[in-house]
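Before any comments, here is the structure.
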Amino acid sequence: MNPRFLMRIFERTDLKTKLRLAKVITKLGSGDELVKCMLCPNMCVFSCPVFDAERRLTVSPSVKSRIAYFDGEEAVYHCLPCDACKENCKMEISVNENLRRFRNGKYAEKIDAWLSKIPRNFEEKEGKILYFPGCRTFEADLFKPTCEYLEKIGIDFAVSNLICCGMPYYEIGDKRAKEHFSKLKKIASKYDGVISNCPHCVLVMRDLGIKAEHLIKFLQPKKIGGIISYHDPCIMARKLNLVEEPRKFLNACGFEILEPAFTGRQTSCCGYGGVYRILYPENAEIVAERRRKQFEAEIITACPACKIALKGKDLVELLLEVV
Ligand code: SF4
Ligand code: SF4
């Protein structure tokens, strides 16, 4: 942060504000992006699904950044990691990335309770590639169909007993994320690569240096035909750059795709991303319901959380319906 800029702010503020600024001054050097966002007139507010659902400025992108500096309380958790803000920001600032370091793990017990409900009634097995479903794949009833499909196409895959990639703990700033990350790295190092249904798990693994691919890379099209709509999961479109692949796959299956409002990188979040729906389920449901109304045909997607939120179907389920 430019010291002259800081001096100018100091000169023009009253004593109370000076004292507040003094508290946060040490954070300014590492937080230029956050400072820029704080000073922005909320240019991306129209794109933020959390603001749209909750209708209060406190949880809008720029105001959350300000709150993070001056308070750091509840509002910093009211964020999906959807990055619609970044997509619509001239400076390409990700509000969620900036807010994460102001979270202090205060909701870790809620995450524990949520994870403890995930059924673990499956057997580990060995193979060349690790199939890492991720917690939400179990919840979306996609684990068994995916195993069935991978077997059908002859992939030699392993399954481990690790269910969570650590994302929920990472998002709320809890130290347990590190334990999950190191377990995941250790397990993944035994295999040639990792396949996952969950775009968020793929992103986490890639950030950890693990060779991970989304399941879509392994799906083989079959002639089915019909009219459907495709929902782009935020992380898949914006962070994994998988926008064309699902459409090519669906076209190869003979589907006509009715695009909803907001597609591709300009997709609109389903509300079940990150931990927002674990912490604020009623608000997440408002986001999901708004998104569901934007479709005119059956919703097909490629993320277990989006499948649950939008009451849709996963790509792999389409393939298994065909005899
Ligand atoms: S993310 Fe960008 S556009 Fe949105 S409020 Fe922050 S600086 Fe402004
Ligand atoms: S990541 Fe999504 S929910 Fe969070 S501020 Fe940006 S647009 Fe809003």
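Here are the numbers for this structure:
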{"item": "Farthest toward positive dipole pole in the chain [+1 Lys/Arg, -1 Asp/Glu at C-beta], among Val287, Leu99, Ala84", "result": "Leu99"}
{"item": "Label point at Val322 placed 7 Å out along Cα→Cβ; residues across the range 175-215 whose backbone nitrogen lies under 19 Å", "result": "215"}
{"item": "Antiparallel bridges, percent of DSSP beta bridges restricted to the range 108-217 (to nearest 5)", "result": "10 percent"}
{"item": "Distant-in-sequence amide H partners of Phe255 (H built 1.01 Å from N, under 5 Å)", "result": "Gly225"}
{"item": "Two-site FRET efficiency, Leu115 against Ile257, from Cβ-Cβ distance with R₀ of 22 Å, rounded to 0.05", "result": "0.05"}
{"item": "Rounded Å value of the spacing that divides the Cα centres of the range 90-125 and the range 248-323", "result": "20 Å"}
{"item": "Förster-model FRET efficiency, 22 Å R0, Asp156 and Ile227, C-beta, rounded to 0.05", "result": "0.05"}
{"item": "Overall dimensions of the range 31-100 by Cα: Rg and Dmax, Å", "result": "10.3, 29"}
{"item": "Extent along principal axes [Cα atoms of the range 108-217; Å; largest to smallest]", "result": "39, 28, 22"}
{"item": "Candidates Gly154, Gly312, Gly273, ranked by Gaussian network fluctuation over the chain, Cα under 10 Å, top entry", "result": "Gly154"}
{"item": "The chain: antiparallel DSSP beta bridges as a percent of all, rounded to 5", "result": "5 percent"}
{"item": "GluC sites (Glu not before Pro), loop per DSSP, at most 16 other Cβ atoms within 10 Å - longest free stretch of the chain", "result": "127-295"}
{"item": "Given charges at beta-carbon only (K, R positive; D, E negative), |dipole| of the range 220-321 in Debye", "result": "180 debye"}
{"item": "Overall form of the chain per C-alpha gyration tensor (a/c, 1.5; a/b vs b/c)", "result": "prolate"}
{"item": "³J(HN,Hα), Karplus 6.51/-1.76/1.60, whole Hz, each residue of the range 203-215, x for Gly, Pro", "result": "4, 4, 5, 4, 4, 8, x, 8, 7, 10, 10, 6, 3"}
{"item": "Residues with amide H under 5 Å from that of Lys313, placed H, sequence gap 5 or more", "result": "Ile299, Ile300, Thr301"}
{"item": "CD proxy at 222 nm, helix term only [per DSSP H run n ≥ 4: -39500 (n - 2.57); per residue of the chain; nearest 500]", "result": "-12500 deg cm²/dmol"}
{"item": "Bins of 5 Å, starting at 0 and running to the largest distance - Cα pair percent for the range 191-323", "result": "2, 11, 20, 24, 20, 14, 7, 2, 0"}
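No value in this document is a laboratory result; all are computed from the given coordinates. On a predicted model such as this, the values are computed, not experimentally measured, just so you know. So basically every Cβ, Gly included, is an ideal-geometry build from the backbone, and we count neighbours across all protein chains shown.
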